[in-house]
Amino acid sequence: MKHRLSRPFLTLPVLFGLIVLALLVFCVIFADVLYPGNPWRMVARPNLPPLSPGFPAGTDMLGRDLAAGLVHGSRATLVVAFTVVAFAVASGSAIGLAAGYLGEAIDEGLMRFTEFFQTIPGFLLTIMIVAIFSPTRWTVILAIALMAWPPIVRVVRAEVLSLRRLDWVRAARVSGLSHIRIALLHVLPNVLPQIVVQSSLLLASAIMIESGISFLGLGSRDAVSWGFLLGSGRTAFSVNWWLSTLPGLAIFLTVLAFNLVGDGLERWLDPKRSRRAGP
């Protein structure tokens, strides 16, 4: 415990990341209050620059408020990212727990299955799935989620393999507890810190992939997203630079914030890594 306290969680980079994420959560929760109505509607003269009266982010070629699109786009982008991570954590934790705890034969089969998905170019497969099926929000979520769970499997499996050799796990077996109870109630809680760290990093990756799909015009048309705003403004970048720059900056800051918080969690929750890193 002394070692963990010597490396506080709230370092300056982590604090910056938390502030960005807090602002993002505020926008997600109060999007309808800040900018009520449809963010697609035309509300002003086209091509107003940023800091115009009433339009802090300017307007696009059709006179739509870019700030409204950014605020509502945060909700659409994060809904996809968090749903993908929820699926990845649930499925990846279950497979990793089974692979690490249930013996060599099951471990071999599950890891070969996981490696099959890791050999496929993830972004390419995601684009193919979305292009073949209709580009709805759930199609995008399913396409990204299919490639998001293998890293969780490997982390959980590695932790379980190290935990199952410990004396308290052997004592639990001798006491007559079932394998399912030992795995779910005793082993899995000790793996949760690593799952939390990987989830924060996976959120950043999911946002990048979703933004890339929307940038290419293959994202969901049900709601405005940052990737769509970035892609729609690229054709007029030489004239209206803010149409792509501001959505790109939103994506950059959000991904950076999740990575900073994830790195801080890893240093705080993993004393061994901190010890290797030195003072």
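Going by the conditions given, is Val224 of a type in the set (A, V, I, L, M, F, W, C), in contact with a Leu (Cβ under 8 Å, 6 or more places away or on another chain) and either at pLDDT 80 or above or closer than 27 Å to Pro50 by Cα (or both)? Even if it seems obvious, please write down each step before you answer.
Details: of a type in the set (A, V, I, L, M, F, W, C): yes; in contact with a Leu (Cβ under 8 Å, 6 or more places away or on another chain): no; either at pLDDT 80 or above or closer than 27 Å to Pro50 by Cα (or both): yes.
Judged against the criteria, Val224 is not a match.
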Restricting attention to segment 45-81, the residues that are among the polar types (S, T, N, Q), within 30 Å of Ala204 (Cα to Cα) and over 18 Å from the mean Cα position of the chain (by Cα) number exactly 1
Scan segment 36-65 residue by residue and report those that are within 16 Å of Trp226 (Cα to Cα) and in contact (Cβ under 8 Å) with a residue 12 or more places away in the chain. Pro39, Trp40, Ala57, Gly58, Thr59, Asp60, Arg64, Asp65
Filter segment 240-266 for residues that are among the hydroxyl-bearing types (Ser, Thr, Tyr) and surrounded by 18 or more Cβ atoms within 10 Å (Cβ to Cβ) and give the result. Ser244, Thr254
Condition check for Val156: surrounded by 19 or more Cβ atoms within 10 Å (Cβ to Cβ) and either within 17 Å of Leu216 (Cα to Cα) or of a type in the set (D, E, K, R) (or both): no
Checking Arg181 against (1) surrounded by fewer than 19 Cβ atoms within 10 Å (Cβ to Cβ); (2) in contact with a Lys or Arg (Cβ under 8 Å, 6 or more places away or on another chain), which test does it fail? (2)
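Which one is nearest to the chain's Cα centre (by Cα), of the residues in segment 107-124 that are crowded, with 17+ Cβ neighbours inside 10 Å and under 26 Å from Ile213 (Cα atoms)? Give the derivation first.
Kept after step one, since they are crowded, with 17+ Cβ neighbours inside 10 Å, are these residues of segment 107-124: 107, 110-111, 114, 122.
Retained after the next criterion (residues that are under 26 Å from Ile213 (Cα atoms)): 114, 122.
Values: Thr114: 20, Gly122: 15 Å.
If we take residues in segment 107-124 being crowded, with 17+ Cβ neighbours inside 10 Å and under 26 Å from Ile213 (Cα atoms), then Gly122 is nearest to the chain's Cα centre (by Cα).
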Step by step: first the residues of segment 222-239, then only those that are touching a residue at least 60 places away in the same chain (Cβ under 8 Å) and in a helix (DSSP H, G or I), then the one that is surrounded by the fewest Cβ atoms within 10 Å (Cβ to Cβ). Which residue is that? Ala236
Matching residues, segment 49-103, being touching a helix residue (DSSP H, G or I) at 6+ places or on another chain (Cβ under 6 Å), closer than 22 Å to Ser199 by Cβ, crowded, with 23+ Cβ neighbours inside 10 Å and of a type in the set (A, V, I, L, M, F, W, C): Val80, Ala81, Val84, Val85, Ala88, Ala99
Is it the case, given these coordinates, that Ser199 is in contact with a Ser or Thr (Cβ under 8 Å, 6 or more places away or on another chain) and modelled with pLDDT under 90? no
Among the residues listed as Ala44, Ala22, the single one being farther than 27 Å from Met147 by Cα and at pLDDT 90 or above: Ala22
Hey, any hits in segment 68-79 for a residue that's out of contact with any His (no Cβ under 8 Å at 6 or more places or on another chain), outside any helix (DSSP H, G or I) and not acidic (Asp, Glu)? no
Cross-chain or 6+ apart pairs with Cβ under 7 Å, segment 105-132 first and at positive phi, then basic (Lys, Arg) and surrounded by 17 or more Cβ atoms within 10 Å (Cβ to Cβ): none
Among (1) in contact (Cβ under 8 Å) with a residue 24 or more places away in the chain; (2) outside any loop (DSSP other than H, G, I, E, B); (3) farther than 16 Å from Leu202 by Cα; (4) of a type in the set (A, V, I, L, M, F, W, C), the one test that Val155 misses: (3)
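The values are calculated or read from the model by the stated rules, or taken from the named source; none is laboratory data. What you see is a predicted model; the values in this text were computed from it and never measured. FYI the Cβ positions are ideal-geometry reconstructions off the backbone, even for glycines, and counts take in every protein chain you see.
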